[in-house]
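Okay, so here's the structure we're looking at.
The values are calculated or read from the model by the stated rules, or taken from the named source; none is laboratory data. Note that the structure is a prediction, hence the values are computed from the model and not measured. We place every Cβ from the backbone using ideal geometry, glycine too, and count neighbours over all the protein chains shown.
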Amino acid sequence: MAIMRQIQMVFDLNKCIGCHTCAMACKTMWTDRDAGQMHMYWMNVETRPGTGYPKDWENLGGWFNADRNTIPLPHIHEGYGTPWEYNYKEVLKTEGGDTPAPKLIPSPDPSEYPYASNWDEDVGKGTFPNSYYFYLPRICNHCTDPACLEACPRQAVYKRSEDGIVLIDPKRCRGYRYCVKGCPYKKVYYNPEEKISQKCVFCYPRIEERKGNFCSTQCAGRISWIGYADDTKSNIYKLINTWKVALRLHPEYKTEPNVFYIPPLSPPTYSFTSKLTDSPRIPIDMLAKMFGDTHDQNYDQRVTRIKQIFDILQNERNKVASGGNSELIDILISRSEADRFQI
Amino acid sequence: MPDHDLSGSSRAITAVYIQGPVTLAPLDPAWIQTPETVITLSRRIHETGAKMVDMGNENRRIKVKVVHNGTDIFFFYQWDESTPNVTVNDYSLFADAFAMEIPLITEVSPIWMGAKDKPVNIIYWRADLARPENIVGGGIGTTQISSDTESQNIRHYQNWANGVWTVIITRPMTTASHNQVSFVRSATYRLALANWKGGSDAERGGNKIISDWLYLFIK
């Protein structure tokens, strides 16, 4: 079926403070129901550089960029992390008791499976004073060419013609997990209790009511914009196409993701002699290996684009700093919800 | 349905008539007096993108016995499985499964899940579901569990012991469901079997071994 419209999303990584309010909003809204969803974060925020969620997902492969027979299926404990419970009742004495100062202890013991969805938060890389990291919020990319859809032998995965949102029909799904293998972003999850695969639904019931998806509306940093790709008046269109400051995450996976990122600026590094250099702390090399416009862009073109985006952002900042106006900075500040959600 | 004279062929199975009640127990006397047919499953399905069963792992033998008492029909299946795969509590794990397929409205249908105008009726069992499902297929990728109450009439027994799976499936011979085949005495039906070996990133969906069409005669 032809896709009549495509919803898109932009995250400004310069504004993400890593508070995980988006992840918690999503968790509360969608995956707080049964035991089979405990390990799932349809929206997660990971620290970059880092191992991500599920662990090392960038090295697992997907339907269009790996040998389909060798793509591994992640493990819940080792890959997504054990969903720990804490002894809050005991510590907070909500059920009485007079245990002297009990310690807050996670169970099962994390040493058994030393990984979790946010295991390496804020670790980053680099040596003081040039250490660096940034946050990467991730949802399903609702790709134009969804690898999960392609991988499903039962047509259980479909892309809605009215907005391009990619969904799994729970009645068609038989839990074969080809979609989990297929998605190179590992944004399809398996629910071992329900015995079906599940994923981000882009809060489609809210989109149908012209409300923003929950991760966006709850975002404390107001880092995201949503709108339709063909709406030339929308801020999302301006960020992606007019100002050209938003890039796709791993477009080389060839799925044409519809979530875009404004790459993170960072302070300059110090030289050995404590002088400020011209190089940003977050290496352009690292960003160029993550972000780009299209799947056929090469590494050098990506480096050029990221530098170009940094120049645009810096120029527009300078304009405003010296008392001028900037449409781009106005959009990025996003004073009201109406600036961010144009659906 | 025309009669097929297949006596003596390993592809012929006779549903023996037993007078009186038959139970789902594997030690029910009905099974003692019923000869078994050993069916070899050796056809690998090729499904775009999906893994195929590894070469050398495609010859599987299933012991089949079928009885009926004029009211209910019972299918007794047994096959070797050194390690039972029942629990699916991680992404990588898949359970052992088995299915039997019969053309739904035509004498013959394409063995690979039928076709739109030649649908098939499948009874699918998977170790972790621990319940048989009545399914209708009209081509690869189209199978659907029937939701009508009339087709919720299948009962089963499953047990793994000493390296052998035993699965017994029973259903009324006559059904009011348009998603099920009704069995008539003296008629012959085509029947195909499928087997999935569970385990890590193991067989599921089209990644399975099937038999050729077999001929089930209802005595």
Tally up the residues in region A:65-100 that are among the small types (Gly, Ala, Ser) and either at negative phi or surrounded by 15 or more Cβ atoms within 10 Å (Cβ to Cβ) (or both), please.
3
The residue that is farthest from the other protein chains (Cβ to nearest Cβ), considering only those in region B:73-95 that are surrounded by 20 or more Cβ atoms within 10 Å (Cβ to Cβ), touching a residue at least 24 places away in the same chain (Cβ under 8 Å) and assigned to a loop (DSSP other than H, G, I, E, B), is B:ASN85
Check whether at least one residue in region B:195-218 is charged (D, E, K, R), under 13 Å from the mean Cα position of the chain (by Cα) and over 26 Å from A:ARG68 (Cβ atoms), and report yes or no.
yes
Selection within region A:220-251 - touching a Pro at 6+ places or on another chain (Cβ under 9 Å) and within 16 Å of A:GLN342 (Cα to Cα):
A:ILE223, A:SER224
Test result for B:SER182, surrounded by fewer than 16 Cβ atoms within 10 Å (Cβ to Cβ), at negative phi and touching a residue at least 60 places away in the same chain (Cβ under 8 Å)
no
Exactly one condition in (1) over 18 Å from A:TYR190 (Cα atoms); (2) in a loop (DSSP other than H, G, I, E, B) is not met by A:GLU58; state its number.
(2)
Could you tell me whether region A:281-296 includes any residue that is assigned to a helix (DSSP H, G or I) and in contact with a Phe, Trp or Tyr (Cβ under 7 Å, 6 or more places away or on another chain)?
yes
Answer with yes or no whether B:ALA115 is within 14 Å of chain A (Cβ to nearest Cβ) and closer than 20 Å to A:ARG172 by Cα.
no
Of the criteria (1) part of a strand (DSSP E or B); (2) in contact with a Pro (Cβ under 6 Å, 6 or more places away or on another chain), which one A:GLY79 fails:
(1)
Just to be sure before I move on: is B:ASN121 among the polar types (S, T, N, Q) and not in a loop (DSSP other than H, G, I, E, B) in the structure I sent?
yes
Restrict the check to region B:146-168 and report whether at least one residue is within 14 Å of chain A (Cβ to nearest Cβ) and surrounded by fewer than 21 Cβ atoms within 10 Å (Cβ to Cβ).
yes
Residues being within 12 Å of another protein chain (Cβ to nearest Cβ) and β-branched (Val, Ile, Thr): count how many of those fall in region B:118-144.
4
Does A:TRP119 satisfy the condition of being within 14 Å of chain B (Cβ to nearest Cβ), surrounded by 12 or more Cβ atoms within 10 Å (Cβ to Cβ), touching a residue at least 24 places away in the same chain (Cβ under 8 Å) and not in a strand (DSSP E or B)?
no
Is there a residue in region B:47-58 that is away from chain A (no Cβ under 14 Å) and among the hydrophobic types (A, V, I, L, M, F, W, C)?
no
Could you list, ordered by first residue, the pairs with Cβ atoms under 8 Å in which the first is in region A:44-65 and within 22 Å of A:CYS19 (Cα to Cα) and the second is surrounded by 19 or more Cβ atoms within 10 Å (Cβ to Cβ) and of a type in the set (Asp, Glu), at least 6 apart or interchain?
A:GLY52/A:GLU46; A:TYR53/A:GLU46
I'd like the full set of residues that are in a strand (DSSP E or B), within 18 Å of B:ASN69 (Cβ to Cβ) and in contact with a His (Cβ under 9 Å, 6 or more places away or on another chain), limited to region B:146-186.
B:ILE168, B:ILE169, B:THR170
Every residue from region B:23-60 that is in a loop (DSSP other than H, G, I, E, B), at pLDDT 90 or above, of a type in the set (Val, Ile, Thr) and farther than 21 Å from B:ALA192 by Cα
B:THR23
Can you tell me how many residues within region B:189-213 are aromatic (Phe, Trp, Tyr) and within 14 Å of chain A (Cβ to nearest Cβ)?
1
Output for region B:83-142, where each listed residue is of a type in the set (S, T, N, Q) and under 30 Å from A:THR70 (Cα atoms):
B:THR83, B:ASN85, B:THR87, B:ASN89, B:SER92, B:THR142
